[in-house]
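What follows is one structure encoded as structure tokens, with my remarks underneath.
The values are calculated or read from the model by the stated rules, or taken from the named source; none is laboratory data. Keep in mind that this is a model prediction, so the values were computed, not measured. No Cβ is skipped: glycine too gets one built from the backbone with ideal geometry, and neighbour counts run over all protein chains shown. Each accessible area value is taken on the protein alone, full model and side chains, heavy atoms only, with ligands, DNA and RNA left out. Shrake-Rupley method; radii C 1.70, N 1.55, O 1.52, S 1.80 Å.
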Amino acid sequence: MRCSVYGVALVIVSVAGAAPAADIVEGHRLYDSGKYAECIEAAAKPIAAGEPSEGWPLLKIRAELALGRYADAQKTLDAALTRFQASIRLRWLGREVARFNGQPDRADTLMDEIGGLLRFSAGRYRDPANQVTLGRFFLSQGVDAKQVLDRIYNQLKQQQPNYAEAYLASGELALDKQDYALAAEAFEQAAKLAPAAPDAHLGLARAYAPSEPEKSQAALEAALERNPNHVDSLLLLVDDEIDSERYDKAAETLRRIEAVNSEHPLLWAYRAVLAHLKNEPQAEQECRQRALRWWPTNPAVDHQIGQKLSQKYRFAEGAAYQRRALEFDADYLPAKLQLAQDLLRLGEEDDGWPLADEVFGKDGYNVVAHNLTELHDHLGAFRTLAGDGFLLRMDPHEAAVYGPRVLDLLQRARQTLCAKYEVTIDEPVTVELFPRQQDFAIRTFGLPGGAGFLGVCFGRVITANSPASQGEHPSNWQATLWHEFCHVVTLHKTHNKMPRWLSEGISVYEERQADATWGQSINPRYREMMLDERLTPVSRLSGAFLHPDTPLGLQFAYFESSLVVQYLVEKYGLDVLKRILVDLGVGMPINDALARYTGSLEALDHEFAEYAHQQAAAMAPSADWTEPKVAADADSAELTRWVEQHPSNYAGLRLLARRLMEQKQWQAAEALLKKMAEIYPNDAGAGNPYALLATVYREQGDAAEQRAVLEKLAALSADDVEAFTRLIELSSQAEDWEAAVKYGKRLLAVNPFMRTPYRQLGAAAEKIGDDALAIDAYRALLLLDPIDRAEAHFRLAGALRRTGDLLGAKRQVLEALEEAPRYRAALTELLEIVNEMQKPEQPAETSVNKEESK
């Protein structure tokens, strides 16, 4: 830390820089529009004429760097420093010039010279342009980012509110620290003040990218409209194209970059990424070497390659590249933080957490490092359950309530899916369940957000939201964990070399194979999308996950991917699907692997589209799915006339049925609802006929019919809490204890923190003689603070006594009596337990004893 040496420069005064001449404004316009060669030519003339402004050589150097003319930039720098010997702006830009000319020592010298100039004449650098330069310099020297932001950039914005460069610098700082909200705010203002500056729009695109992709795309387009040759914007476009697996488009964009600057290190870094994804190791190495041609120890090259590979779930390869970057620069924090995240996702926590702590220690403003450090403290309170190849981490209270059931589910998934896909997993799989969604997001993404995600798998590490984090309408946690463990299997089989659509598609498909109510199924909205030509071609399915038009579009991407898998299995067989995974594991691109077994990709796209259309057409083929053309406040008579004219209109039938239910015309409503169920028997969505029929039968006092329709609904839904709750009650009333147990378990697979189902499950388990289940149910109930604790302790005591655990039974009876001292049944139970404990044990009868008795 060198802030004490340069502290004087952290004080700013209101001194505006001289207004630039009209010709240098034109020079900047040429630069901002991407006419770099013309900009160099325009700058050369005033430099040759001896113009007394460092602005011209600065502009010329920037344009030469933009074109990759690193040697020319060095000549311009050398000449300019001879003239402008006290310039810190030239020296700051000169650091980049020196590095790209293979002169790291000179780059360090230039930084030392800036420090020397500040010590002897800090007052001369108080104009806005120099203050921004000093802010960037101080950040490079390890000065606290908050100080730079508050004492330089923010004060400068107050003193010079129309100075766009101050907002650009603030935005860069915030992006570097992954504070995207602050970055967006700064770049928004920069774009208003300098609408022609592509850097402002690019900054906005980067700031919005993690959370608002549509805004990010619009900002990126704005940057490239202003400057089609803006290499940094083109690199962000390449990044997006690689994420969405549009590798041909990425290669095309890289050729655009090459036409501007064939020496740009990240041009060759991204080509190394593409070569890696194509399984071309020699080309990958050659591209990496080319990226390091001008600056042989540039840590950004290996960091960028590794980061992209990690984003493709190739964490081991990504971590290896981050280690290479740190060999070049042991203090390069972006690589150190990325390595920490890679290691945590690989399950190598003993190395990952200390690295995250180290980054936070050196950069307390880094949002991701700060979040990870705080999360590590929270995780320290978690309880770890181990069993059959799993390390399960949960909140201690939640672990006590349903942890064993989580392990049981995971072990069943392991037995089923590993055998099915012929996979052996030797290392333990770590599963972490978070009761706070924010903690899940930070563990998974490094930042809060990700509200639509239930769980994520990195390979041998699964992170998931606990039902406690999902509010009033949690999803089925068993389905979620089955889905995520399927990722473990397929990622293991392919060595993490599979496209997202196939990974997600197999997981959703396997949910449906495990339980018909799990996973996604076709519904009216999906049907409409399938018939309206909104299917994404198989060859471009991963892009559907990256840029969905709506949240529904993202959900449809999951469903469509699973439908592709279903199609492949039905037409070509499971063995072909497994062979595709094997091919991916040895590095074959997905499109080549698909074509190998299905013919051409074009044919696959066409044949799958036909298959999807057939599936859509087969869904409730007699239904009319148009919206009823009746007034929202139409009475039942008007609705009846409209439905008589449109007898298969599903929405109209439902609308009329509800209106009749409001009027308590139960029989008339019943007839309509039964017709709905005939038209679309698989409807489990909102307003489905089974739930409405259950209400009708409940009002009519017909428990048997109510139970029958709810059982049909339960056969379609994985998470209908209301239906499961009512089925437990109805089954218990009918003394169908097996059914009560069944629906009790299904309800707890959605929400394991409800007290009532544990009480009912325990009672039903006692009725069928399943004391082990009763014990589990009553123990969980007691952890959830039941209203009648004495009764729960008493019932638990009885179950323990029947299994022979007299000591445990006695303890529970005493707990019951502590809650209710006059509990006569408990007193009687206690006496019986004590008497039983005092009986001498009878020796086991042996063959010798039998002979003696004869």
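Quick look at the values:
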read-out	value
Per-residue HN-Hα couplings for the stretch 178-186 [Karplus 6.51, -1.76, 1.60; θ = phi - 60°; Hz; x = Gly/Pro]	6, 9, 6, 5, 5, 4, 4, 4, 5
Trypsin sites (Lys or Arg not before Pro) within the stretch 631-675, DSSP loop, no more than 13 other Cβ atoms inside 10 Å	K664
The chain: relative contact order as a whole-number percent, Cα under 8 Å and 6+ apart	6
Exposure ranking of M530, M498 by accessible area [1.4 Å probe, largest first]	M498, M530
For the stretch 450-467, Karplus couplings with θ = phi - 60° (6.51, -1.76, 1.60), whole Hz, Gly/Pro x	x, 4, x, 8, 8, x, 9, 10, 9, x, 10, 10, 10, 10, 8, 6, 6, x
Unsatisfied cross-links (Cα-Cα over 18 Å) in the set K420/K578; K629/K675; K664/K712; K675/K742; K420/K493	K629/K675; K664/K712; K675/K742
Nearest 10 degrees, 0 to 90: helix 551-572 Cα axis against the chain principal axis	70
Computed [θ] at 222 nm, deg cm²/dmol, the chain (DSSP H ≥ 4; -39,500 (n - 2.57); rounded to nearest 500)	-21500 deg cm²/dmol
Helix 164-176 axis, angle to the chain major axis (alpha carbon atoms, nearest 10°)	40
Gyration tensor verdict on the stretch 554-634 (Cα atoms; rounded if a/c is under 1.5, prolate if a/b is larger than b/c, oblate otherwise)	prolate
Solvent-accessible area per residue for the chain (1.4 angstrom probe, square angstrom)	45
Length gained when the stretch D144-T550 is fully extended (0.36 nm per residue, less Cα-Cα span)	142.2 nm
Largest-first ordering by accessible area, 1.4 Å probe, given options T803, T640	T803, T640
Stretch gain in nm, segment S121-K674, where the contour uses 0.36 nm per residue and the Cα spacing is subtracted	190.2 nm
Lysines with Cα under 25 Å of K146, excluding same-chain neighbours fewer than 8 positions away	K157, K177, K192, K336, K362
Violating pairs (Cα-Cα greater than 23 angstrom) within the set K308/K571; K60/K215; K249/K278; K45/K75	K308/K571; K60/K215
E602 accessible area, assembled protein chains, probe 1.4 Å, Å²	130
Cα gyration tensor, the stretch 760-820 - rounded (a/c under 1.5), prolate or oblate	oblate
Accessible area in the full protein assembly, largest first, 1.4 Å probe, for V709, V582	V582, V709
Sites matching chymotrypsin sites (Phe, Trp or Tyr not before Pro) across the stretch 593-648 that sit in DSSP coil, with at most 16 neighbouring C-beta atoms within 10 Å	W625
Per-residue SASA entry for R69, accessible area with 1.4 Å probe, Å² rounded to 10	100
Normalised contact order of the stretch 134-220, rounded percent, pairs of Cα under 8 Å and 6 or more residues apart	20
Amide hydrogen neighbours beyond the local backbone of F390, cut-off 5 Å, H modeled	V429
Between helix 666-679 and the chain: long-axis angle, C-alpha atoms, 0 to 90°, nearest 10	60
Rh (Kirkwood; distinct C-alpha pairs) - the chain, Å	31.8
HN-Hα J in Hz across the stretch 65-75 - Karplus 6.51, -1.76, 1.60, θ = phi - 60°, x for Gly and Pro	5, 4, 8, x, 8, 5, 5, 5, 4, 5, 4
Loop sites in the stretch 29-70: chymotrypsin sites (Phe, Trp or Tyr not before Pro), DSSP, at most 11 other Cβ within 10 Å	none
Relative contact order (%) - the stretch 713-854, alpha-carbon pairs under 8 angstrom, separation at least six	13
